Every structure is written in structure tokens, then in C-alpha cells.
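Engineer: One structure is given below, represented as C-alpha cells, and several questions about it will come after.
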């Protein structure tokens with residue numbers, strides 16, 4: 001199963017007659033229930049879905065994603081106005097049991113979990 005979920009929407013109609021927009025339809029509105037042939041035609045302009053701009057947005061499916069926290073990215077010199085100085089912590093290790101406030105602190109470097117690199121597996 002993929003960790004990515006695609007959300008597809010259709011926008012403005014680009015069907016033209018003699019170089020001019022057919023009807024200025026701004027958004028695809030399915031003409032029937034999903035799975036029926038009518039669902040491929042816009043109820044606003046009557047055009048097939050292929051004449052509308054297609055927008056694909058990819059999101060991480062949080063229901064199946066496994067989160068792993070990697071190296072610490074906290075700049076320990078930021079409060080002194082210095083350059084970037086990392087502590088060398090290679091992986092987040094929770095300081096307490098899951099569900100407790102201590103679980104958000106790293107036992108290796110003491111930083112909050114949000115300073116560690118977040119990877120989705």
C-alpha cells in the first residue's frame with residue numbers, strides 16, 4: 001500500500017469553438033454518480049472531463065504511514081548569534097513511555113522531538 005494518497009480535482013473547461021472558449025465553465029461538476037458514464041460529463045457545460053484542467057494533489061496517507069525521527073537539527077548556537085552548530089545526535093530516542101510528556105524529549109540530546117528530522121516510511 002502506498003503512503004501517498006492522490007486527490008484529483010478538475011477545474012476550468014478548455015474546450016474551444018473557433019478559438020474562443022465554449023462556455024467559460026470554471027469548475028467540473030459531475031453529471032452523474034461515480035462509476036456511471038454520466039459522471040464523465042460536466043453538468044455545467046456538457047463537456048467530457050478530458051476538456052477540464054486536471055489538478056492532482058499528493059498527500060501523505062497518515063493512516064498507513066510510519067513516522068521515524070532521525071538526526072537532530074537544532075542549532076545550539078542560534079541564541080548566541082553564531083553559525084550553525086549541531087549536537088551530533090543521530091536518531092531520536094524517546095525519554096519516556098508513549099503517551100507521556102517525556103516521550104517527546106530525546107534521551108540522547110535532550111531536545112524536543114520537533115527538532116529531529118521526520119521521515120515517513
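Engineer: Of the residues 70, 88, 99, 44, only one is within 25 Å of residue 3 (Cα to Cα) and part of a loop (DSSP other than H, G, I, E, B); which?
Structural biologist: 99 is the lone residue from the list that is within 25 Å of residue 3 (Cα to Cα) and part of a loop (DSSP other than H, G, I, E, B).
Engineer: From the residues in the stretch 17-34 that are assigned to a strand (DSSP E or B) and modelled with pLDDT under 85, which one is nearest to the chain's Cα centre (by Cα)?
Structural biologist: 21
Engineer: Taking the options 54, 74, name whichever one is touching a residue at least 24 places away in the same chain (Cβ under 8 Å) and exposed (fewer than 12 other Cβ atoms within 10 Å of the Cβ). Spell out the reasoning first.
Structural biologist: On the way: 74 fails: exposed (fewer than 12 other Cβ atoms within 10 Å of the Cβ).
Selected residue: 54, the only one of 54, 74 that is touching a residue at least 24 places away in the same chain (Cβ under 8 Å) and exposed (fewer than 12 other Cβ atoms within 10 Å of the Cβ).
The values are calculated or read from the model by the stated rules, or taken from the named source; none is laboratory data. Everything numeric here is computed off the predicted structure, so don't read it as measured data. As a convention, Cβ positions derive from the backbone with ideal geometry for all residues, glycine included, and neighbour counts pool all protein chains shown.
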